[in-house]
Amino acid sequence: MKTNRSILLIAFLSFLLFYSTTSHSKVMKTLQETFALSDTVTEMFKDNFLIEAFDLLERFWPLPKNEVDVLKEKSVKMMNTISDRYGDAIDYSLVRNEAISDIASRHTYLIRYENHAIRLLFTFYRNDKGWILNSFKWDDSFEQEFRDVE
């Protein structure tokens with residue numbers, strides 16, 4: 001487990017270093033970068049690095065810092081309850097990607113726990129400079145993900 005956390009920390013620091021040296025505008029240039037960000041944040045959530053996950057999201061999210069801090073604090077409190085009720089995290093997967101032309105993209109992930117799952121939704125918007133995080137939310141309600149399952 002420590003090895004996975006070390007690898008995650010190195011990946012996180014590499015991701016931050018890459019963006020601090022290549023972009024001061026806090027945008028992602030390609031859609032693939034939005035997938036890399038959402039995948040990294042989901043891995044951090046799975047491994048309970050919530051503060052670091054929100055710090056990373058904040059770089060690309062034009063939301064006031066105090067609002068991000070409130071979300072961060074509430075998420076840390078709720079995650080303590082989830083780990084008690086749902087057990088240990090097992091893995092995660094990208095379960096849905098939706099796009100509105102080349103204007104917006106939403107990536108939906110599920111993190112599996114021993115007794116339940118949580119859903120993470122990342123919505124990205126492409127402005128004239130690149131891709132920004134338009135919204136991020138997580139919850140334990142994934143019934144809507146069955147809408148296309150037959």
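The values are calculated or read from the model by the stated rules, or taken from the named source; none is laboratory data. Not measured: the values here are computed from a predicted model. Quick reminder, even Gly has a Cβ in these numbers, built from the backbone with ideal geometry, and neighbours come from all protein chains shown.
With the structure loaded, tell me whether E98 is among the charged types (D, E, K, R) and touching a residue at least 24 places away in the same chain (Cβ under 8 Å) or whether it fails that test.
No; evaluated as a whole, the condition is false for this residue.
Anything in the stretch 126-150 that is assigned to a strand (DSSP E or B) and more than 23 Å from L50 (Cα to Cα)? List them, or say none.
We begin by selecting, within the stretch 126-150, every residue assigned to a strand (DSSP E or B); these are 126, 131-139.
Of everything in the stretch 126-150, just one residue is assigned to a strand (DSSP E or B) and more than 23 Å from L50 (Cα to Cα), namely R126.
Residues to consider are E143, E98, E52; find the one that is out of contact with any Cys (no Cβ under 9 Å at 6 or more places or on another chain) and either at pLDDT below 95 or among the aliphatic types (A, V, I, L, M) (or both).
Exactly one residue qualifies, and that residue is E143.
Check off (1) under 14 Å from F124 (Cα atoms); (2) modelled with pLDDT of 95 or more for P62 and give me the number that stays unchecked.
Going through the list (1) under 14 Å from F124 (Cα atoms); (2) modelled with pLDDT of 95 or more, P62 breaks only (2).
When the residues of the stretch 52-62 are filtered to those that are in contact (Cβ under 8 Å) with a residue 40 or more places away in the chain and out of contact with any strand residue (DSSP E or B) (no Cβ under 8 Å at 6 or more places or on another chain), which remaining residue is farthest from N134 (Cα to Cα)? Lay out the reasoning, then the answer.
Taking the stretch 52-62 first, the residues in contact (Cβ under 8 Å) with a residue 40 or more places away in the chain are 52, 56-57, 59-62.
Next cut, out of contact with any strand residue (DSSP E or B) (no Cβ under 8 Å at 6 or more places or on another chain) only: 52, 56, 59.
Details: E52: 19, L56: 14, R59: 12 Å.
Among them, the one singled out is E52.
For the structure I just gave you, tell me whether S93 is closer than 17 Å to L120 by Cα, outside any helix (DSSP H, G or I) and of a type in the set (S, T, N, Q).
Judged against the criteria, S93 is a match.
Is it the case that some residue within the stretch 106-120 is among the hydrophobic types (A, V, I, L, M, F, W, C) and under 15 Å from A36 (Cα atoms)?
Within the stretch 106-120, one or more residues are among the hydrophobic types (A, V, I, L, M, F, W, C) and under 15 Å from A36 (Cα atoms).
Give me the residue from the stretch 77-124 that is hydroxyl-bearing (S, T, Y) and surrounded by 15 or more Cβ atoms within 10 Å (Cβ to Cβ) and, out of that set, farthest from the chain's Cα centre (by Cα). Give the derivation first.
Applying the first criterion (hydroxyl-bearing (S, T, Y)) to the stretch 77-124 yields 81, 83, 86, 92-93, 101, 105, 108-109, 113, 123.
From what is left, the residues that are surrounded by 15 or more Cβ atoms within 10 Å (Cβ to Cβ) are 86, 92, 105, 108-109, 113, 123.
Values: Y86: 19, Y92: 11, S105: 13, T108: 9, Y109: 8, Y113: 17, T123: 10 Å.
Here the answer is Y86.
Yes or no: the stretch 34-44 includes at least one residue that is within 15 Å of V76 (Cβ to Cβ), in a helix (DSSP H, G or I) and at pLDDT 95 or above.
Yes - at least one qualifying residue is present in the stretch 34-44.
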